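Asks: The following block contains the structure, expressed as structure tokens.
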Amino acid sequence: MLNAQLHRANQNGISWLQTKEGHKVGDAIVLHGGYADDEDHWDWIRYTGASPKKDKDPKTGRLLRSQSWSHVDNAALLLSYEQGLPIRVIRGYEGDSLYSPHDSYRYDGLYEITEVRTATSKYPAPDGSPIKICQFDLKRMPAREQVQTQVERHIIDVLAELDGKQGEPDDGGQEDEEAPGEQWDEEKFPRSRSMQVRRLIRDTAAVKRIKNLYGGECQLCGLRLTGPDGKPYSEGAHIRPLGKPHRGPDVEPNILCLCPNCHVRLDIGAITVDEDWSIIARPDLVGAGLLPKLNVRHGHRVHQEYIRYHREYWERRASDRRL
Ligand SMILES: [Zn+2]
């Protein structure tokens, strides 16, 4: 993160830079399980400011005394709020297991600080007195305001060309799950095109990492598809889907490496996965040749909550049909 200049402060949660006028403004934060009062909900975050090292119990990581707005990191993040500057959010492997990478740090895009307050920590000081913390609420910025990577830009350009348009397409070229209050417009984006956009855009860095980890081997049936060039073909499937109404996140714990058939089986609820990773096929599914259990490799922390969401969603749909 330092080398990529996404974050400027080694071993600190809050990164800031100096403006031409000499003000320090926050530009990035790391979520790495540093404070018990932090909350991560993917598209919004409750973040605890910084304390000097001596104010933290080295064993438990709990605070020994209240935080201060005059701490340079907290003051910098407060100034970002006042000036409406976006903040880069980086998640580390010790953050919330619903969203965190397995053993590294991952840049997750731009957020804006929506609220700032002095709050009371859930945990008092060792002598029982309450501890005040500097608290920030952040909200993920909509997709159209996220800075695009080169690959995303290239895909958008190619699709615009295919569509006979020049340059900038509208919002359709981006992740559709991010724009609140906006429906996927079927008229503006005929089905074939929207499917194409979704599939292409879904091959994000997180999807690529999971596909590489399994070498293209399907986690549900064990199939490894290769063409004459020897390259495996697989798809990254989101257990809790990205689009509305599900709004699942595009993170490794929510992604499976699947063959195209199993991808469809997952997406239409022909199979679900049980708590012990057993694969449950619908009784009318014939000839699928599935593994008894979902194959999960070391380095992939599939999260039970997404598996449960998917299973319960399709169980509900099945029982609605029976009624
Ligand atoms: Zn498969």
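The values are calculated or read from the model by the stated rules, or taken from the named source; none is laboratory data. All values reported here derive from a predicted model rather than from experimental measurement. Glycine gets a Cβ as well: all are built from the backbone with ideal geometry, and neighbour counts include every protein chain shown. Protein only, heavy atoms only, side chains kept; ligands, DNA and RNA dropped before computing areas. Shrake-Rupley method; radii C 1.70, N 1.55, O 1.52, S 1.80 Å.
Asks: Cβ-Cβ under 7 Å, sequence separation 6+ or interchain: first residue in region 279-299 and within 20 Å of R321 (Cα to Cα), partner not aliphatic (A, V, I, L, M). Which pairs?
Replies: If the second residue must be not aliphatic (A, V, I, L, M), the pairs left are I280/T272; I280/D274.
Asks: Still on this structure: What's the number of the only condition in (1) assigned to a loop (DSSP other than H, G, I, E, B); (2) open to solvent by less than 20 Å² (accessible area, probe 1.4 Å); (3) within 13 Å of the ligand (Cβ to nearest atom); (4) touching a helix residue (DSSP H, G or I) at 6+ places or on another chain (Cβ under 6 Å) that Q219 fails to meet?
Replies: (4)
Asks: Separate question: Report those strands (runs of 3 or more DSSP E) wholly inside region 248-295 carrying at least 2 residues which are within 14 Å of the ligand (Cβ to nearest atom) and open to solvent by less than 30 Å² (accessible area, probe 1.4 Å).
Replies: Values: elements: 255-258, 271-273, 279-281.
Once the strands (runs of 3 or more DSSP E) in region 248-295 are filtered for at least 2 residues that are within 14 Å of the ligand (Cβ to nearest atom) and open to solvent by less than 30 Å² (accessible area, probe 1.4 Å), what remains is 255-258, 271-273.
Asks: Of the numbered conditions (1) closer than 24 Å to Q5 by Cα; (2) modelled with pLDDT of 95 or more; (3) in a loop (DSSP other than H, G, I, E, B), L77 fails exactly one; give the number of that condition.
Replies: Checking L77 against (1) closer than 24 Å to Q5 by Cα; (2) modelled with pLDDT of 95 or more; (3) in a loop (DSSP other than H, G, I, E, B), the one that fails is (3).
Asks: Is it the case that region 215-234 has a residue that's among the basic types (K, R) and touching a strand residue (DSSP E or B) at 6+ places or on another chain (Cβ under 9 Å)?
Replies: Residues of region 215-234 that are among the basic types (K, R), as a first pass: 224, 231.
If we keep only those that are touching a strand residue (DSSP E or B) at 6+ places or on another chain (Cβ under 9 Å) too, we end up with 224.
Yes; the residues of region 215-234 include at least one that is among the basic types (K, R) and touching a strand residue (DSSP E or B) at 6+ places or on another chain (Cβ under 9 Å).
Asks: Among (1) more than 13 Å from Y306 (Cβ to Cβ); (2) in contact (Cβ under 8 Å) with a residue 40 or more places away in the chain, where does L225 come up short?
Replies: (2)
Asks: Okay, next question. Applying the selection to region 100-118, what residues are part of a loop (DSSP other than H, G, I, E, B) and touching a His at 6+ places or on another chain (Cβ under 9 Å)? Walk me through how you get there before you give the answer.
Replies: Residues of region 100-118 that are part of a loop (DSSP other than H, G, I, E, B), as a first pass: 100-104.
Matches in region 100-118: S100, H102.
Asks: So for region 226-236 (the condition being under 29 Å from V89 (Cα atoms), more than 11 Å from the ligand (Cβ to nearest atom) and surrounded by fewer than 13 Cβ atoms within 10 Å (Cβ to Cβ)), does at least one residue qualify?
Replies: Applying the first criterion (under 29 Å from V89 (Cα atoms)) to region 226-236 yields 235-236.
If we keep only those that are more than 11 Å from the ligand (Cβ to nearest atom) as well, we get 236.
Those still in the list that are surrounded by fewer than 13 Cβ atoms within 10 Å (Cβ to Cβ) too: none.
No: zero hits.
Asks: Residues that are assigned to a loop (DSSP other than H, G, I, E, B), at positive phi and surrounded by fewer than 19 Cβ atoms within 10 Å (Cβ to Cβ): does region 8-20 have at least one? Reasoning before the result, please.
Replies: At the first step, the residues of region 8-20 found to be assigned to a loop (DSSP other than H, G, I, E, B) are 8-13, 19-20.
Filter once more, keeping what is at positive phi: 11.
If we keep only those that are surrounded by fewer than 19 Cβ atoms within 10 Å (Cβ to Cβ) as well, we get 11.
Scanning region 8-20, I find at least one residue that is assigned to a loop (DSSP other than H, G, I, E, B), at positive phi and surrounded by fewer than 19 Cβ atoms within 10 Å (Cβ to Cβ), so the answer is yes.
Asks: Hey, among A206, A237, which residue is closer than 19 Å to I307 by Cα, in a helix (DSSP H, G or I) and out of contact with any Ser or Thr (no Cβ under 6 Å at 6 or more places or on another chain)?
Replies: Details: A237 fails: in a helix (DSSP H, G or I).
It is A206.
Asks: Right, another one. Here are the criteria: (1) over 30 Å from G95 (Cα atoms); (2) away from the ligand (no atom under 13 Å from the Cβ); (3) open to solvent by less than 30 Å² (accessible area, probe 1.4 Å). Tell me which single one E315 does not satisfy.
Replies: E315 satisfies all of (1) over 30 Å from G95 (Cα atoms); (2) away from the ligand (no atom under 13 Å from the Cβ); (3) open to solvent by less than 30 Å² (accessible area, probe 1.4 Å) except (3).
Asks: Which residues, taken from region 193-218, are at pLDDT below 90 and of a type in the set (D, E, K, R)?
Replies: Residues of region 193-218 that are at pLDDT below 90, as a first pass: 193-206.
Matches in region 193-218: R193, R198, R199, R202, D203.
Asks: What is the one condition in (1) assigned to a loop (DSSP other than H, G, I, E, B); (2) surrounded by fewer than 19 Cβ atoms within 10 Å (Cβ to Cβ) that E82 does not satisfy?
Replies: (1)
Asks: Before we move on, is I90 touching a helix residue (DSSP H, G or I) at 6+ places or on another chain (Cβ under 6 Å) and surrounded by 13 or more Cβ atoms within 10 Å (Cβ to Cβ)?
Replies: Values: touching a helix residue (DSSP H, G or I) at 6+ places or on another chain (Cβ under 6 Å): no; surrounded by 13 or more Cβ atoms within 10 Å (Cβ to Cβ): yes.
No, not satisfied.
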